[in-house]
Amino acid sequence: MIHTERSAFRISSVGKRGVLLVDDEGREFPALATGLMYRDGAGPVPGDRVIACDRSGQLMVEDILPRTGILQRTSPMGREQLIAANVDRVLAVVALRDPVLRTGFLDRVLAASEWHSIPSSIVINKMDLTAGEADLETLRTVVEDYGPGGAGYPVFPVSCSDGRGLAELKESLRGLTVVMSGPSGAGKTSLVLHFRPGLDLRVGRLNLKTSKGRHTTVSARLVPLGGGTALMDTPGLRMFSVEHIPAADLKDCFPEFRPLAGMCQFKNCMHMAEPSCEVKRACAEGRVRPARYASYRALIDEVSGTGSRS
């Protein structure tokens, strides 16, 4: 069915020759976007709310409505890259193994979410692959560093193979538009397929030579789950840079620092080399997790051009 009047949609996915729209009932419609949609350089992105109309049997996107809740990163080319728009929550999806957990990637996704004031949760996928005490110790450390006693994020250990933790995760997402970000092979597409069986999505396998995931999702896609819930699958990334975040703003991207705001000797304290820094004192006393403070320092070096991106 083609809509004959100006109608509101959301963009499900973006291609080279057009976009895929989705309406409130979850029906999808291919459409074209006018050149004006690209005049600001960003162009349409998944999650955009748009107005489209029928032009001689072809849906045409005429206007992108104001965006809220955007997730972006700095691309390998050094440009700001908008990943998704109108997002209510970010899921940082990782695994303990296959691929091995990289907390640097996790910290960057969380910082990017905090910079745009989007709540985040952490999903530790592939729990069925955990093997032995070493994996369990890694899980305990992640929960201590990032969970309620650390950075304060909800942490969901789950498995798409045996179903553990998925009911609790789905309940936490009820009524929200959620974008997932994580490294290739972490199982984001498998999560979508668990919540929306039968969807035409490919699931990749780990590259046994490099231990890195294969990119099976080539562009972000918004998938309605019903009841006002939508889950956005995004391409697996091997790097999530936050160089677009000003160094002075990074301290506000670590929620465990916020209760200490205004308690340092200097009002503009960056929590680095300054004397009488309350954040450094809290780290030494165990009130701020040392791994998280070390990550903050690494991100400061990164956005200042003295550190490495990962």
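Could you grab the pairs with beta carbons closer than 6 Å, sequence gap of 6+ or different chains, first residue in segment 52-79 and without any contact (Cβ under 8 Å) to a residue 60 or more places away in the chain, second one among the aromatic types (Phe, Trp, Tyr)?
From residues that are without any contact (Cβ under 8 Å) to a residue 60 or more places away in the chain, the pairs are ALA52/PHE9; LEU59/PHE29.
Could you look through segment 17-49, keep only residues that are at pLDDT 85 or above, under 17 Å from ALA84 (Cα atoms) and touching a Pro at 6+ places or on another chain (Cβ under 7 Å), and pick out the one that is surrounded by the fewest Cβ atoms within 10 Å (Cβ to Cβ)?
Selected residue: GLY18.
Among the listed residues GLU114, GLU144, GLU80, identify the single one that is out of contact with any strand residue (DSSP E or B) (no Cβ under 9 Å at 6 or more places or on another chain) and acidic (Asp, Glu).
GLU144
Looking at segment 164-193, which of its residues are assigned to a loop (DSSP other than H, G, I, E, B) and modelled with pLDDT under 95?
Kept after step one, since they are assigned to a loop (DSSP other than H, G, I, E, B), are these residues of segment 164-193: 164-165, 173-176, 182-187.
Once the filter is applied, which keeps residues that are assigned to a loop (DSSP other than H, G, I, E, B) and modelled with pLDDT under 95, segment 164-193 yields GLY182, PRO183, SER184, GLY185, ALA186, GLY187.
Return yes or no: is GLU274 more than 17 Å from ARG73 (Cα to Cα), of a type outside the set (S, T, N, Q) and surrounded by 13 or more Cβ atoms within 10 Å (Cβ to Cβ)?
Working: more than 17 Å from ARG73 (Cα to Cα): yes; of a type outside the set (S, T, N, Q): yes; surrounded by 13 or more Cβ atoms within 10 Å (Cβ to Cβ): yes.
Against the criterion (more than 17 Å from ARG73 (Cα to Cα), of a type outside the set (S, T, N, Q) and surrounded by 13 or more Cβ atoms within 10 Å (Cβ to Cβ)), GLU274 qualifies.
THR229 versus (1) β-branched (Val, Ile, Thr); (2) in contact with a Pro (Cβ under 9 Å, 6 or more places away or on another chain); (3) surrounded by fewer than 20 Cβ atoms within 10 Å (Cβ to Cβ): which is the lone unmet condition?
Among (1) β-branched (Val, Ile, Thr); (2) in contact with a Pro (Cβ under 9 Å, 6 or more places away or on another chain); (3) surrounded by fewer than 20 Cβ atoms within 10 Å (Cβ to Cβ), the lone unmet condition for THR229 is (2).
In segment 171-192, what residues are surrounded by 17 or more Cβ atoms within 10 Å (Cβ to Cβ) and basic (Lys, Arg)?
LYS188
Confirm whether MET77 is out of contact with any His (no Cβ under 6 Å at 6 or more places or on another chain), at pLDDT below 80 and either assigned by TED's automatic domain parsing to the domain that holds LEU110 or in a strand (DSSP E or B) (or both). Even if it seems obvious, please write down each step before you answer.
On the way: out of contact with any His (no Cβ under 6 Å at 6 or more places or on another chain): yes; at pLDDT below 80: yes; either assigned by TED's automatic domain parsing to the domain that holds LEU110 or in a strand (DSSP E or B) (or both): yes.
So MET77 passes the test.
How many residues, within segment 213-225, are at pLDDT below 90, of a type outside the set (Lys, Arg) and either within 15 Å of LEU193 (Cβ to Cβ) or part of a strand (DSSP E or B) (or both)? Write out each step before concluding.
Residues of segment 213-225 at pLDDT below 90: 213-221.
From the residues that got through so far, the ones that are of a type outside the set (Lys, Arg) too are 213, 215-220.
Cutting the leftovers down to either within 15 Å of LEU193 (Cβ to Cβ) or part of a strand (DSSP E or B) (or both) gives us 213, 216-217.
Of the residues in segment 213-225, 3 are at pLDDT below 90, of a type outside the set (Lys, Arg) and either within 15 Å of LEU193 (Cβ to Cβ) or part of a strand (DSSP E or B) (or both).
Scan (1) assigned by TED's automatic domain parsing to the domain that holds LEU176; (2) among the hydrophobic types (A, V, I, L, M, F, W, C); (3) surrounded by 12 or more Cβ atoms within 10 Å (Cβ to Cβ); (4) modelled with pLDDT under 85 for the single condition LEU82 breaks and write down its number.
Evaluating LEU82 over (1) assigned by TED's automatic domain parsing to the domain that holds LEU176; (2) among the hydrophobic types (A, V, I, L, M, F, W, C); (3) surrounded by 12 or more Cβ atoms within 10 Å (Cβ to Cβ); (4) modelled with pLDDT under 85 leaves (4) as the failure.
The values are calculated or read from the model by the stated rules, or taken from the named source; none is laboratory data. Just so you know, these numbers come straight off a predicted model, no measurement behind them. Glycine also receives a Cβ, built like all others from the backbone with ideal geometry; neighbour counts cover every protein chain displayed.
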